[in-house]
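Just so it is clear, none of the values below were taken in a lab; they were calculated from the coordinates. Values in this document were obtained by computation on a predicted structure and should not be read as measured data. In this analysis, Cβ positions are derived from the backbone assuming ideal geometry, glycine residues included, and neighbour counts consider all displayed protein chains.
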Amino acid sequence: MEQIASFTINHLKLLPGIYVSRKDKAGAETITTFDIRMTRPNYEPVMNTAEVHTIEHLAATFLRNHKDYAEKTVYFGPMGCRTGFYVIFTGDLSSRDILPVMTEMFTFIRDFEGDVPGASAIECGNYLDMNLPMAKYLAGKFLDEVLNQIDDSRLTYPS
């Protein structure tokens, strides 16, 4: 079997950041998949499922209600390794293109107060597995340590 592209990235060199994971065609439209890497793989602890689940609910709700990205958002969801998330947007986009909306989204998560959207037994298959305080902490950490001072080393996959 041919190795998929995401497994060819040297995860020992990968820093938290925002990376173009792949670009695909759907008809005439380009769809860009981004790797939103929140923790350094194999060096930092992975995120627990409760905060990953909470970030997923808040980020997906934010993006699907965003004035500019609601119709561009195809998917937002966690990586199985629990070091980050994938977000898929329509359009031929770069990591720099989405920095403003990612900064806005993580600020929204960091500052969120109230009930997590979709966190009830009727709306979610595992609604008890949520941790809003930790999700807020991780969003703030990502803003402070990555997004608010980002450079090319965190926007382009390492070679």
query = Taking K25 as the anchor, which lysines have their alpha carbon closer than 27 Å to its alpha carbon, excluding any fewer than eight residues away along the same chain?
reply = K67, K72
note = Over the Cα atoms of region 44-159 the radius of gyration and the largest Cα-Cα distance (Dmax), both in Å, equal 14.1, 45
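Report, in deg cm²/dmol and to the nearest 500, the calculated mean residue ellipticity at 222 nm for the chain, where each DSSP H run with n ≥ 4 adds -39500 (n - 2.57) and the sum is divided by the residue count. Let's see the in-between values first.
Details: 3 runs with 47 residues, N = 159.
Computed mean residue ellipticity for the chain: -10000 deg cm²/dmol.
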remark   = Residues whose modelled amide H sits under 5 Å from the amide H of R22, counting only those 5 or more places away in sequence or on another chain, are T33
note = Cβ density ranking, 10 Å radius, fewest first, applied to V116, V74 yields V74, V116
query = Counting alpha carbon pairs within less than 8 Å and at least 6 residues apart, what relative contact order, in whole percent, applies to region 5-149?
reply = 25 percent
inquiry  = Can you bin every Cα-Cα distance in region 94-159 into 5 Å intervals starting at zero and give me the percent of pairs per bin, rounded to whole numbers?
reply    = 3, 15, 21, 18, 15, 12, 9, 5, 1, 0
task = Subtracting the Cα-Cα distance from 0.36 nm times the residue separation, let me have the gained length for Q3 to D152 in nm, one decimal.
result = 51.0 nm
key: Whole-Å distance, taken between Cα centres, linking region 3-33 and region 117-144   = 25 Å
query = For the residues H53, H11, what sequence is obtained by ranking on other C-beta atoms within 10 Å, fewest first?
reply = H11, H53
query = How do C81, C124 line up, fewest other C-beta atoms within 10 Å first?
reply = C81, C124
Chymotrypsin sites (Phe, Trp or Tyr not before Pro) restricted to DSSP loop in region 27-95 with at most 15 other C-beta within 10 Å = Y43
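State the Kirkwood hydrodynamic radius of region 1-52 in Å, one decimal place, computed from all pairs of distinct Cα atoms.
It is 13.1 Å.
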request  = Run the dipole for the chain about the Cα centre, Lys and Arg Cβ at +1, Asp and Glu Cβ at -1, nothing else charged, and hand back the magnitude in debye, nearest 20.
outcome  = 320 debye
